[in-house]
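Worksheet for the structure shown next.
The values are calculated or read from the model by the stated rules, or taken from the named source; none is laboratory data. Note that the coordinates shown come from a computational prediction; the quantities given were computed from them, not determined experimentally. As a convention, Cβ positions derive from the backbone with ideal geometry for all residues, glycine included, and neighbour counts pool all protein chains shown. Side chains included, ligands, DNA and RNA excluded: accessible areas come from the protein's heavy atoms. Shrake-Rupley method; radii C 1.70, N 1.55, O 1.52, S 1.80 Å.
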Amino acid sequence: MTTHSPPVSPATAAIAAVDIITSATPLEGPLLGVHPRLLCIRHPFERLRERLGVEPWKSVFESLKRDGESLLTVSLPQSLVGTPPSVFDVRQLGGHLISLSLLYRLTGEPKYRARIGYLMQRLTDEKDWGDSLIYGHWAQGFSIALDWLWHDFDEAARRSHIETLYHRTRHVFDLWASYRAGDPFGYTWNIASVVLGGMTATAACLYGERPDVAPFANLAWEKMRCQSLALGPDGVSPEGIMYGGYYAAYLTVNFLLAEELFGFDFYGTTPWLSRYARSLHAQSLPRASWKVDDAFFMQGDAHGNVFGLESVLRVIASAAQDGTAQWLADELLKSGHIGMGPLSFLLYDPEVKAVAPLDSPPFDLMEDHGIVVMRSDWSGSESACAFKCGPNVGHHAARLYGHPLGGGHMQPNNGEVQIFAQGEWILTHPGYVYKETAFHNTLLLNGVGQYGEKSEWFEDLPYRQRRRYPFLEHTEHHAGWDYAVADLTLAYPEELGLRHLRRHLLYIRPDTWVMVDALESNAPLLPTLLFHTGFPVHSEGPLAFSGSGQKAGCRIRFHLPTVITATTEDQTRIHTGGQAEGTMPLLRMSPITPATRHLCITSVQAFGATADRPDEIQVEVSDAQDSVCIREIKSRLAVTIYPFRKAAPVAG
């Protein structure tokens, strides 16, 4: 296993003389002709090898070797492309190449080298890698394997791999450069980020080794600049935490390659990255309740797993010297939620000291996407809620662009409230479902949901046509209570004649939430309030429902109107693909008649499953319904809300 490249050959110099990226990139200067060079210039294998006998590297390395042993015997289908993911997800072969290549670089064991050769030949035998996710995974893994084992291939094998990688990438480049495909413009979409990962790695690996590679690099950095510009300042991915993690796993590596090899400082010029770790932590469930498949408030599609968050955080920690990212990655590992992957193992920088953000207020606002998270404290067993109302791509991107940016993994859930208290979900998110407002803890109007629904994927065309979006109007944080109000008006179809719809959320620490929904319309409307509970609830009178799970109980009381229709059911959850996928408890509430003005007031109180129930809150509504005073007896807290107008709440 050799590790050094000879001086730049005349052939390589001749290629670089006419294949121009910017003339100022490290690839065109000191790294021309050098291999390996992908991700290992600042993090050399030699230094990592020296650390393998001490913690934390020792135990992680043992885990990586166990995983590597299992990869040696994975049976592949006869034909890769076209195999259904349910049979074998062929995308993972890109990751196999990265894992095995790192193990080979660190151990030199021939068994890893043999398996790498086999996998690269299998991918070479596939004449069409497509232009989507398979291409991105395979091209990134193939590029890293080729670069890291550059001197272990003989000239014929190396040349064959160069040509394979070039032509598979050329197919994608020609499509993107044609301006006839949508993927290149999905600046915040996971698929575009993955595909760009393949092209970026290809350019980084092949530059100088054959003609006509600079266009790949130029397209890659140009699209990365577009991604950097499109991402908002609050660290939130439009696709939510799960698919946003998939997006970020490739984005952060692409940005790192662009910095080390192309000379672009995306980490220093992308505010989104500096907020990513804090935003992710803000949306986490109480620390003591983290599970492998359940650790965050989810606003987008989610089926339990999260893609590469630990790796994303390690790369950000290293590249941006972000101690919060380092701390959160450590916490994910400690929780058993996710293991350290090969790239995060390579890129882990022990000089970045973990900084726990637990001394911050128990209130976080992600202003660009309109997400607010309120907590009782940061004890790890606290109660918490998330409230969301904002553009599907964020205000920042919505102002800049009129084309689809973020794919379809968002949900039509403006105004949704999610609550986790006493160690259990009280009001929960639906997961990876067909895009229906009816699956969320918000409102239907005359049975109609919000723009973006009735589709397998979120359809944001009505928003892009109008360039108007719902928004979080105002938030406040106080020692004993928090408040937020969302203007949902623009989330619903214009044909309904809706004039104003505001949802006010008052959180009284530690375990009481009050929702005040104020609606005015030109034509009579019938609102339906939806509450997807973490466990079944049952009627305990005409206006109250209660229930309990294993750890938590809750009481939901409707204070206004006083004559209602309320029902419970097990709602069938419909997967985004259209098939039924289990059920979830649902409580529906509607006034009995349509009207042009509605005021609905609902309180939710959580308590331990075996604990005494708390005192009910008191709600006083003015005769004209222009003010609502909410009193909590035990704390003597009183807060007045003005439901139909823009006015801050008043305490006392």
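Annotations
- Under a 5 Å amide H cut-off, with hydrogens placed 1.01 Å from N, L285 pairs with F296, F297 among residues at least 5 apart or on other chains.
- Rounded to the nearest 10 Å², the accessible area of F61 at probe 1.4 Å: 20
- Dipole orientation for region 80-193: of the candidates N190, Y135, L146, L146 has the Cα lying most toward the positive pole (charges on Cβ; Lys, Arg +1; Asp, Glu -1).
- Mean separation of Cα contacts under 8 Å (6+ apart) over length of the chain, as relative contact order %: 9
- Set of region 471-492 residues, backbone N closer than 20 Å to the point 7 Å along the Cα-Cβ line of K634: 478-483
- Rounded to the nearest 20 debye, the dipole size of the chain about its Cα centre is 80 debye, using +1 on the Cβ of Lys and Arg and -1 on the Cβ of Asp and Glu.
- In sequence order, region 236-246 has phi-based couplings of 9, 8, x, 7, x, 6, 5, 6, x, x, 4 Hz under the Karplus curve 6.51 cos²θ - 1.76 cosθ + 1.60, θ = phi - 60°, and Gly or Pro positions carry x.
- Using the Karplus relation 6.51 cos²θ - 1.76 cosθ + 1.60 with θ = phi - 60°, the per-residue 3J(HN,Hα) values for region 15-21 come to 4, 5, 5, 10, 9, 9, 8 Hz, with x marking Gly and Pro.
- Between E416 and K388, the built amide H atoms are under 5 Å apart, and every one of these is 5 or more places off in sequence or on another chain.
- Sites excluded, trypsin sites (Lys or Arg not before Pro) in DSSP loops with at most 16 other C-beta within 10 Å, longest stretch of the chain: 181-352
- A384 sits among other residues whose Cβ lies under 13 Å from its own Cβ, and their net charge, with Lys and Arg +1 and Asp and Glu -1, is -3.
- Remark: region 582-590, residue by residue, has Karplus-estimated 3J(HN,Hα) of x, 9, 9, x, 9, 10, 10, 9, 9 Hz, where x stands for each Gly or Pro and the curve is 6.51 cos²θ - 1.76 cosθ + 1.60 at θ = phi - 60°.
- Helix 323-334 vs. the chain, principal-axis angle (Cα, 0 to 90°, nearest 10): 90
- Rounded to the nearest 20 debye, the dipole magnitude of region 542-634 is 160 debye, with +1 charges on Lys and Arg beta carbons, -1 on Asp and Glu beta carbons, and the Cα centre as origin.
- Against the main long axis of the alpha-carbon atoms of the chain, helix 214-230 sits at an angle near 20°.
- Cα-based helix-to-principal-axis angle, 92-107 vs the chain, degrees rounded to 10: 60
- Distant-in-sequence amide H partners of H474 (H built 1.01 Å from N, under 5 Å): V485
- Residue-count net charge about Q625 - beta-carbon cut-off 15 Å; Lys, Arg +1, Asp, Glu -1: -2
- At R0 = 41 Å, FRET efficiency that the Cβ-Cβ distance of A288 and E620 yields, to 0.05: 0.65
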